[in-house]
Amino acid sequence: MRRTSWVLATLALVVASCGQADDTAQKTTTTAATSTAAPTTTAAPTTVAPSTTSSTTTTTLPIDEGPLAFDFALVRGIESPIVDDGEGDDWDANFAFAPNVVFDGTTYHMFYSGWAQNSAIGIGYASSPDGINFTEHPDNPVATLLDDDPDTEAGRGVARIRDDGTWEMFIGEWVDAKTQGNKIWHATADAPTGPWTVGAEPIHEGATGSWESRVVPQWISEDGTVLYYDGVRLSNIQIGALVLQDDGTWLVNNDPATDDPTDPIFAIDPDSAAWDAGSVASPIVFATESGYEMFYAGFWKGNRISKFDYAMLGYATSADGVAWERYEQNPVVELTNENGWLWLSATKVGDAYNIYYAIKAGSDGIGLISGTVFER
């Protein structure tokens, strides 16, 4: 669905990890930590990968040398989104973005953010038997206000199913264009459609003036012990992690080599000419036989997406889920005229990945690519 110029002009106001922020206007917070335990995630929920079709809009970057090959193709994109933005007075008339997909063995559950001009942002729900054809819940959005404050809205949801069948969701708040996203909340429900009960206090708050002036949850480990999130300052994004402690609190990463109370686990490339020197965002983390692997969105200049400056997909590996090593042949996949890679989610079965993304940051809905990673 094509949008008028005013919608494109407001893109930075809607996408939770984009846009300039006035750090001085944000609330001073007190969350700090001294150490981070290594994540102990298990393999991610498996999914049945949809069949793929080749497309000129999805390009595997030429890698003449290297131990891995990344073979991905477009399944559904801008011409036929998995979930499209709405129409008229729909709650998601302007943007449908930030997909989070959970597979329970029979059903794909998608949570996604939506917004319409002059209305509250919220989190919607859709379900699918095959991971491609989704049916949107008729009473969307299923999560809106985080508490009794009418100005505090649910902007981004990352969910999982506990062993006892309870659903839990980690929600990034939306306050307004300048201060949104400096808190992460925890909520539970008996069903994915809610009602969602939100905790009395946030589990994490960003620190004014730091690398995480705003924080946006992006990925939760299958066992629920590690929450990966985007930390945003002005137009730069880096990746942080919270680790669940035995007492129910969440410990944020703190590198003793720095003077900062919190530190990213995956930072922008220090080489200013690198493809991901501006931002690294939207981590997707899976356990492997030798440790962990991560796909992530990378930007050369800040987090701006334009017709000529788009994000690409990178790959990294880790022994413990905290210290990461970039793949030498990054980036591994690009999606040029789809203008994608902001807001990622994925499912995996065997060596097949389904990666969901926000087309043009969500102004044209949610797309899907599928593929494999194999050794040469």
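Structure notes:
- Among the candidates Asp147, Asp176, residue that is open to solvent by 40 Å² or more (accessible area, probe 1.4 Å), in a loop (DSSP other than H, G, I, E, B) and either at pLDDT 85 or above or more than 24 Å from Ser363 (Cβ to Cβ) (or both): Asp147
- Residues that are of a type outside the set (A, V, I, L, M), touching a residue at least 60 places away in the same chain (Cβ under 8 Å) and closer than 17 Å to Pro138 by Cβ, drawn from region 86-118: Glu87, His109, Phe111, Tyr112
- Of residues in region 208-219 being open to solvent by 20 Å² or more (accessible area, probe 1.4 Å) and at pLDDT 90 or above, the one nearest to Phe111 (Cα to Cα): Trp219
- Across region 90-101, not a single residue is classified as exposed (fewer than 15 other Cβ atoms within 10 Å of the Cβ) and of a type outside the set (Lys, Arg).
- Taken over region 200-227, the criterion of being part of a loop (DSSP other than H, G, I, E, B), of a type in the set (Val, Ile, Thr) and either closer than 18 Å to Leu145 by Cα or in contact with a helix residue (DSSP H, G or I) (Cβ under 8 Å, 6 or more places away or on another chain) (or both) is satisfied by Ile203, Thr208.
- In region 121-131, the qualifying residues are those that are part of a loop (DSSP other than H, G, I, E, B) and open to solvent by 30 Å² or more (accessible area, probe 1.4 Å), and the one that is nearest to Ser80 (Cα to Cα) is Asp130.
- Flag not set for Ala281, criterion: aliphatic (A, V, I, L, M) and in a loop (DSSP other than H, G, I, E, B).
- Strands (runs of 3 or more DSSP E) within region 311-376 that include 2 or more residues under 30 Å from Trp115 (Cβ atoms) and at pLDDT 90 or above: 312-318, 342-349, 352-358, 366-375
- Verdict on Glu205 being at pLDDT 95 or above, out of contact with any His (no Cβ under 9 Å at 6 or more places or on another chain), open to solvent by less than 40 Å² (accessible area, probe 1.4 Å) and of a type in the set (Asp, Glu): no
- Selection status of Asn253, in contact with a Pro (Cβ under 9 Å, 6 or more places away or on another chain) and either of a type in the set (A, V, I, L, M) or at pLDDT below 95 (or both): yes
- Positions within region 230-281 being open to solvent by 30 Å² or more (accessible area, probe 1.4 Å) and among the hydroxyl-bearing types (Ser, Thr, Tyr), in sequence order: Thr249, Thr258, Ser272
- Where a residue in region 247-262 is over 17 Å from Ser213 (Cα atoms) and part of a loop (DSSP other than H, G, I, E, B) and its partner, wherever it lies, is open to solvent by less than 40 Å² (accessible area, probe 1.4 Å) and not small (Gly, Ala, Ser), with Cβ under 9 Å and at least six apart: Thr249/Ile203; Asp255/Thr36; Asp255/Thr262; Asp255/Asp263; Asp255/Pro264; Asp255/Ile265; Ala257/Asp263
- Selection within region 232-247 - within 17 Å of the chain's Cα centre (by Cα) and not small (Gly, Ala, Ser): Val232, Arg233, Asn236, Ile237, Gln238, Ile239, Leu242
The values are calculated or read from the model by the stated rules, or taken from the named source; none is laboratory data. Everything quoted here is computed from the prediction, not taken from an experiment. All Cβ positions, even for glycine, are placed from backbone atoms using ideal geometry, and neighbour counts span all protein chains on display. Each accessible area value is taken on the protein alone, full model and side chains, heavy atoms only, with ligands, DNA and RNA left out. Shrake-Rupley method; radii C 1.70, N 1.55, O 1.52, S 1.80 Å.
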